[in-house]
Amino acid sequence: MKQAKRYLWIFLAATLAVAACAPQQTATVTPTPVPESAVIAEGHIFPARYTTLTFLASGVLSDVNVKLGDSVKAGDELLRLANAEQAEADVVAAQQAYDLLLRNASGDHAQAWQAYMNAQKVRETAQEKWNDINLRDIENRIEDRQQDLADRQADLEKAQQKFEKYKDRGRNDANYKNAGDDLDHAQSDYDKALKDLEATMRERDVPRANLDAALAAEAEAKHQYELGMDGPNADQLALLKARIAAAEDARSNFVIIAPFDGVVMDLNAAAGDQVGPANYAIKLADTSDWYVKTSDLTELEVVKVTPDQSVAVVPDSLPDLTLTGKVTQISQAATSQSGDILYEVQIKLDSIDPRLLWGMTVEVTFERSD
């Protein structure tokens, strides 16, 4: 496509020139040629994110909670199979059996469980505080304060040596008094430097110590809880946990949940249809932003394209419409097509016309200043 468009003006100019020689032609048209430096490629429009969702189990589609064009939120249930009810009942039954076993446990065991849960919360808080500190910044400031302390230590030693020279002269001697004052100041500076170093080290050591203590407390609480799980109850709980996990996995095969906020772009089934893994059920797209991917940019042309380069985009279906955008990604791997080495370039559009649809073909002109 792009090579034909690139030389279209030349072809039209030649055709018009020939036609001008015929007696019936009275005027010629001189089209504006495409600049030699222009890089032109073909591309297709696509949304910011998109996915094709499929049922992992077979059955009759009972619930269709969306229609084409609907906006959905992450976590919304979109489609459901009729046989999902049994899977959900299995999850409820497994959870109820687990809860019943816990409720029937001894008071000491229930307290141990609560202590374990509380210890987890304390550990989570300590972990968050540790994660929130800027360890590199603290380490750098500790090094600075260690150096400052070393400098103040050297000053203190010099002041002490000076004071030793005059300490026998008595308090009324000016040199004695000056040396004593210098020693006091040096000691004060040293004490302050030491205090600053210790305070900075506490910024690192206190959160770390709290986290270590919380981890130890959690481990002990878990140990005490597990001690109360001796006998058949421990095995029963393990089996029920596995049963809950298996039931939840099975339930996910019978429902389709939106993985992100988006718009329903295609529905491939209706209520009452027999569906399964062989065919997709729904396509979802995040239309908050739109992009273009090129399909025929050669190795000789891609080297002229740079990140953040401005781009003009003209849809084939709307030749009078020009969109703008910028290059966001240049593929580092090539594909081969009919002997050409091609590279994909991705462009983020500044805006989108409501008439344009996902997958439409566009002509992309990479703007160049030279």
Checklist outcome for this item: Checked SER317, SER331, SER310 against criteria (among the hydroxyl-bearing types (Ser, Thr, Tyr) and within 27 Å of SER71 (Cβ to Cβ)); the one match is SER317
Item to check | Subset of region 159-179 (residues that are modelled with pLDDT of 85 or more and small (Gly, Ala, Ser)) | outcome: ALA159, ALA174, ALA179
Item to check | Single match in ILE341, ILE352 (criterion: within 17 Å of VAL303 (Cβ to Cβ) and at pLDDT below 95) | outcome: ILE341
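So that you can scan it fast, the table gives a plain yes or no per residue for (1) modelled with pLDDT of 85 or more; (2) surrounded by fewer than 16 Cβ atoms within 10 Å (Cβ to Cβ):
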| position | (1), (2) |
| --- | --- |
| ALA209 | yes, yes |
| ALA214 | yes, no |
| TYR225 | no, no |
| ASP230 | no, yes |
| ARG243 | yes, no |
| ALA246 | yes, yes |
| ASN253 | yes, no |
Item to check | Among the residues listed as ALA84, ALA94, the single one being of a type in the set (Gly, Ala, Ser), touching a Ser or Thr at 6+ places or on another chain (Cβ under 9 Å), surrounded by 13 or more Cβ atoms within 10 Å (Cβ to Cβ) and under 17 Å from ASP249 (Cα atoms) | outcome: ALA84
Item to check | Test: residue in region 291-312 that is out of contact with any strand residue (DSSP E or B) (no Cβ under 7 Å at 6 or more places or on another chain), in the same structural domain as PRO47 (by TED's automatic domain parsing), in a loop (DSSP other than H, G, I, E, B) and closer than 30 Å to PRO354 by Cβ | outcome: no
Checklist outcome for this item: The residue that is farthest from ALA48 (Cα to Cα), considering only those in region 271-290 that are more than 27 Å from the chain's Cα centre (by Cα) and not in a loop (DSSP other than H, G, I, E, B), is GLN274
Checklist entry - Can you name every residue in region 342-352 that is closer than 18 Å to TYR291 by Cα, touching a Leu at 6+ places or on another chain (Cβ under 8 Å) and either of a type in the set (Val, Ile, Thr) or surrounded by 14 or more Cβ atoms within 10 Å (Cβ to Cβ) (or both)? => result TYR343, GLU344, VAL345, LEU349, ASP350, ILE352
Checklist outcome for this item: Listed by first then second residue, the pairs whose first member lies in region 158-174 and is closer than 15 Å to ALA186 by Cβ, whose partner is charged (D, E, K, R), with beta carbons under 6 Å and at least 6 positions apart or on separate chains, are ALA159/ASP182
Next on the checklist: With the structure loaded, tell me whether ARG368 is over 29 Å from the mean Cα position of the chain (by Cα), in a loop (DSSP other than H, G, I, E, B), modelled with pLDDT under 95 and surrounded by 13 or more Cβ atoms within 10 Å (Cβ to Cβ) or whether it fails that test.
Outcome noted: yes
Item to check | Extreme residue, farthest from ALA213 (Cα to Cα), among residues of region 124-168 that are crowded, with 17+ Cβ neighbours inside 10 Å and among the small types (Gly, Ala, Ser) | outcome: ALA159
Checklist outcome for this item: In region 71-81, anything exposed (fewer than 14 other Cβ atoms within 10 Å of the Cβ) and assigned to a loop (DSSP other than H, G, I, E, B) is listed as LYS73, ALA74, GLY75
Item to check | Single match in ALA126, ALA94 (criterion: outside any loop (DSSP other than H, G, I, E, B), under 17 Å from ALA219 (Cα atoms) and not polar (S, T, N, Q)) | outcome: ALA126
Next on the checklist: Consider region 313-325. How many of its residues are of a type outside the set (Gly, Ala, Ser) and either loosely packed, with under 14 Cβ neighbours inside 10 Å or outside the structural domain of SER351 (by TED's automatic domain parsing) (or both)?
Outcome noted: 6
Checklist outcome for this item: In region 326-341, anything part of a loop (DSSP other than H, G, I, E, B) and surrounded by 13 or more Cβ atoms within 10 Å (Cβ to Cβ) is listed as SER331, ALA334
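The values are calculated or read from the model by the stated rules, or taken from the named source; none is laboratory data. The shown structure was predicted, so the numbers you read here are calculated from the model rather than taken from an experiment. A quick note on method: Cβ atoms are made from the backbone with ideal geometry, for glycine too, and the neighbour counts reach across all protein chains shown.
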